1. Hey, Glu115 hits all of (1) open to solvent by less than 40 Å² (accessible area, probe 1.4 Å); (2) part of a helix (DSSP H, G or I); (3) at pLDDT 95 or above but one; which does it fall short on?
2. Can Lys447 be described as without any contact (Cβ under 8 Å) to a residue 60 or more places away in the chain, within 19 Å of the chain's Cα centre (by Cα) and in a helix (DSSP H, G or I)?
3. Just wondering, is there one or more residues in the range 468-488 that are free of Cβ contacts under 8 Å to residues at least 60 places away in the same chain, open to solvent by less than 50 Å² (accessible area, probe 1.4 Å) and of a type in the set (Gly, Ala, Ser)?
4. With respect to Leu156, is the statement that it is touching a Phe, Trp or Tyr at 6+ places or on another chain (Cβ under 8 Å) and in a helix (DSSP H, G or I) true?
5. Can you tell me which of (1) open to solvent by 10 Å² or more (accessible area, probe 1.4 Å); (2) more than 19 Å from Tyr114 (Cα to Cα) is the one Pro170 doesn't meet?
6. Output the number of residues of the range 138-166 satisfying the condition of being touching a Ser or Thr at 6+ places or on another chain (Cβ under 9 Å), open to solvent by 50 Å² or more (accessible area, probe 1.4 Å) and not hydrophobic (A, V, I, L, M, F, W, C).
7. Would you pick out the residues in the range 163-183 that are of a type outside the set (Gly, Ala, Ser) and part of a loop (DSSP other than H, G, I, E, B)?
8. Say whether the condition of being part of a loop (DSSP other than H, G, I, E, B) and buried (at least 24 other Cβ atoms within 10 Å of the Cβ) is met by at least one residue in the range 192-203.
Amino acid sequence: MNSSSSKLFILSTSFLLSISSITSNSVLDNFLQCLPIHSNTSNPITNSIYVPNNSSFQYLYELRANNLRTISSSTISKPLAILTARHASHVQAAVICAKIHSIQLRIRSGGHDYEGLSYVSDIPFVILDLFNLRSIKINITSETAWVQVGATTGELYYKIAEKSKVHGFPSGVCTTLGIGGHFTGGGYGNMIRKYGLSIDNVIDACLIDVNGTIHNRKSMGEDVFWAIRGGGGTSFGVILSWKIKLVHVPRKVTVFKVQRTLDQGATDIAYSWQHIAPKLPKYLFIRLQPEPITIGNGNKTIRVSFIGQFLGRSRKLMNLMNEEFPELRLQQNDCIEMSWVESTLFWAGFTNGTSIDVLLNRVVENKVFFKTKSDYYKNVIPKQGLVMLWEMLMDIGNIFVQLNPHGGRMDEISETETAVHQRGGYLFKVQYTVYWSESDGGIGAAKRYVEMSRRLYGAMAQYASSDPREAFLNYRDLDIGCNESNDTDFGVAEVYGTKYFNNNFMRLARVKAMVDPENFFKNEQSIPPLPSSH
């Protein structure tokens, strides 16, 4: 036995002794015994494995489980183990051993999956947690960066700002998003109208396939590279890192937040916004965000926030707004000039002047129970539709709604360029999130709040996209169709797949059949292999 084999034998023997006392599950035993055999001995995998009787297990499980609704049900199975990968070989071992021993893998980076599919299942499973794979390597000379999937958007913004004041990246406004899942679902942010989605600025990737082989863009092939940009990467393998193209930003950008109540003409301004926001110059993004509030006399009303970012100075913005959107009555004192990285704090809800060090906070605080649904709109919502929406928001109370404009760069990208189909012809995308806390009834209130979200969704159907009624994968919603945890019926998948990907679904299914014909990588809304009969 050579020295390398001897070290592996000692490591494996030690590991077997340690796991024999913590589990009697033979399937799990076999899986755990398999791991050190298939991982790099110079990066021991044993220190990255947690099972339920480990003192840190529950903490790790809940740390990146960001929707309390998804982990509070008594019917879900807890993971058999959590593998917190610290090296590519750990991921390779997890894939190889899970496949050998028929254990389902759920792959988690930031834990922002709205339905918790990265960390819950109805059958026994193992979580492959990639949060520790967080390296970010910025190359300003080439204006590129390699970003591992466990890094957060906040960390990426911080690292870019360390190197340059005139570079940024178009990505989400929530700063605790794991890069892995965020990019594979498309990656929507406030520079979408100037630079498109995150995936429109991805130029390479590192992927581990179902056989445990590591690929780059060239070796995985253009079909797979196409699929993982917006098609949900965990259907095709485990993505380790992305190579991104940094974008140019000015030294100063301008942000604003203007609020109007119904008494201040919010309905008319919101109606105008639908016509104007998607057609503005591409360096201006204005989000519409309505919310129910209680006013002094105890009555409810709607306050609509118009939240904007302009890639330039405030004086030029004022001239533009006076010409294009005078209804909003934007004032100079509404405008705040700041660096691009400071604007990421503004969008994340931090007060002006907060240190950018908060971008390094990696975990969601003050978690709540929530249910999210989404829509795409190709036509404006008439005023009577807005009035109906306002009434339903006031009835629900605990609700967060955002209308985000398309247009600009999104109109220039073909619907087949990536897996994300919703490009030209779409005016805006809407997120409806109903939320509640323990004080509102916790998991016991879930049925009531989820039903309210469905009622709102049903009421808006007459105005939203149709045939199919489309949805955004990063706002995952099991209501639009789902399979069982360990089954992927193609007919069922075609229903939700068409809503997420429209005509791109069939190509995704063909790619799946090429790279994972036995459907190892699956969840309730994964892409199935295209049957040979199609």
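The values are calculated or read from the model by the stated rules, or taken from the named source; none is laboratory data. Note that the structure is a prediction, hence the values are computed from the model and not measured. A quick note on method: Cβ atoms are made from the backbone with ideal geometry, for glycine too, and the neighbour counts reach across all protein chains shown. These area figures cover heavy atoms from the full protein model, side chains too; ligands, DNA and RNA do not enter into them. Shrake-Rupley method; radii C 1.70, N 1.55, O 1.52, S 1.80 Å.
1. (2)
2. So Lys447 fails the test.
3. yes
4. Yes.
5. Pro170 satisfies every listed condition except (1).
6. Residues in the range 138-166 being touching a Ser or Thr at 6+ places or on another chain (Cβ under 9 Å), open to solvent by 50 Å² or more (accessible area, probe 1.4 Å) and not hydrophobic (A, V, I, L, M, F, W, C): 2 in total.
7. Lys165, Val166, Phe169, Pro170, Val173, Cys174, Thr175, Thr176, Leu177
8. Yes, because at least one residue in the range 192-203 is part of a loop (DSSP other than H, G, I, E, B) and buried (at least 24 other Cβ atoms within 10 Å of the Cβ).
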